[in-house]
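Here the structure comes first, spelled out in structure tokens, and everything after it is commentary.
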Amino acid sequence: MKKYPVEFLKTPAGELQVIRDFIPEPKPNFDDGNVDAYDFTVWQLYDRVCESIKSFLILLDNQRFYDAFIIAGHALETCAVLSYVKDGETEAERRENYNKYIARSSAGILLGLLETSDTLEKDPEWDVFVAQLKIFYPIGASIIKNAKNPKEKHEEVIKQINYRLGTNAEKINLITKNYSQPNIEEYMQVFMKNVDGVDEGRFTHFYIKYCSFKHSNILGCLEGQIFDFQIERVVTVILMLVTYLSMAKLEPYVHPVGI
């Protein structure tokens, strides 16, 4: 990062300048296919956060403040997922979190496929379902709910849903009943814990407001407006994401002593 006077960096203009100066790590070429799925996923999440930050700046520069606010929330959520996957203290913990993330996402995709088709009797629907099931099967036991033997329960459920006939409603019920679903709140909690001392509650305050804006739409804004002080807070949050990405890059984040 470029060097600026400390007094300038404490101003909204200074924070915004640091964001503009941020240069993402160059993305590797994965075209040859010889890459670990974990590394590929981490890089894709990192790239999505960086692209969201670029979008934030474009929207902000064009005074699309509401949309800038929403894309900032998306950047924070995606960065929280990135942290959840890559910031475990040990390789085993990182792989476990990765498996849970992929399994939850895959279960969500399976539910989406079942909810948007009447049956799996047609070839296209069945082929897509089976392809997704192949991704889910090796890791699904990691998100089994309330079972003394998760692997055994997982095998039992897979046998029941890996069947072309029968109603989609039955398969949906089995998946929702037995597997935990994607939970952005868990990812957010882990991320805020990892950056403890840097965050000072600002992520939490912003995220509450972001959820209000997103789910209440324009009614979440006082008198339909987003004021300067709210934009300044959003800029601060994006600055914190840029700081995190610059410090951690694609390695597990280590909270710096003294911050």
(message) Quick check on GLU93: is it loosely packed, with under 14 Cβ neighbours inside 10 Å, more than 18 Å from the chain's Cα centre (by Cα), modelled with pLDDT under 95 and within 30 Å of GLU251 (Cβ to Cβ)?
(response) no
(request) Can you work out which of the residues in segment 52-81 that are of a type in the set (D, E, K, R) and at pLDDT 90 or above is nearest to ALA13 (Cα to Cα)? (result) ASP61
(request) Look through ASN146, ASN99 and report the one residue that is assigned to a helix (DSSP H, G or I) and not small (Gly, Ala, Ser). (result) ASN99
(request) Scan the helices (runs of 4 or more DSSP H) fully inside segment 1-62 and keep the ones with 3 or more residues being in contact with a helix residue (DSSP H, G or I) (Cβ under 7 Å, 6 or more places away or on another chain), closer than 18 Å to HIS74 by Cα and of a type outside the set (Val, Ile, Thr). (result) 37-61
(message) Only one of LYS249, LYS193 is modelled with pLDDT under 85, basic (Lys, Arg) and farther than 30 Å from ILE58 by Cβ. Can you tell me which?
(response) LYS193
(message) Just to verify a result, which residue in segment 133-158, among those that are free of Cβ contacts under 8 Å to residues at least 40 places away in the same chain and in contact with a Ser or Thr (Cβ under 6 Å, 6 or more places away or on another chain), is farthest from GLN181 (Cα to Cα)?
(response) ILE135
(request) Filter segment 5-49 down to residues that are under 13 Å from LYS86 (Cβ atoms) and among the hydroxyl-bearing types (Ser, Thr, Tyr) and give me whichever is farthest from the chain's Cα centre (by Cα). (result) TYR38
(message) Looking at segment 59-78, I want the residues that are outside the structural domain of ILE19 (by TED's automatic domain parsing) and have a partner that is part of a helix (DSSP H, G or I) and surrounded by fewer than 20 Cβ atoms within 10 Å (Cβ to Cβ) with Cβ atoms under 7 Å, at least 6 apart or on another chain. Which pairs are those?
(response) none
(message) Looking at the structure I just gave you, is PRO12 in contact (Cβ under 8 Å) with a residue 24 or more places away in the chain and either surrounded by fewer than 18 Cβ atoms within 10 Å (Cβ to Cβ) or at positive phi (or both)?
(response) yes
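The values are calculated or read from the model by the stated rules, or taken from the named source; none is laboratory data. Values in this document were obtained by computation on a predicted structure and should not be read as measured data. Ideal geometry is used to build each Cβ from the backbone, glycine not excepted, and the neighbour counts take in all protein chains shown.
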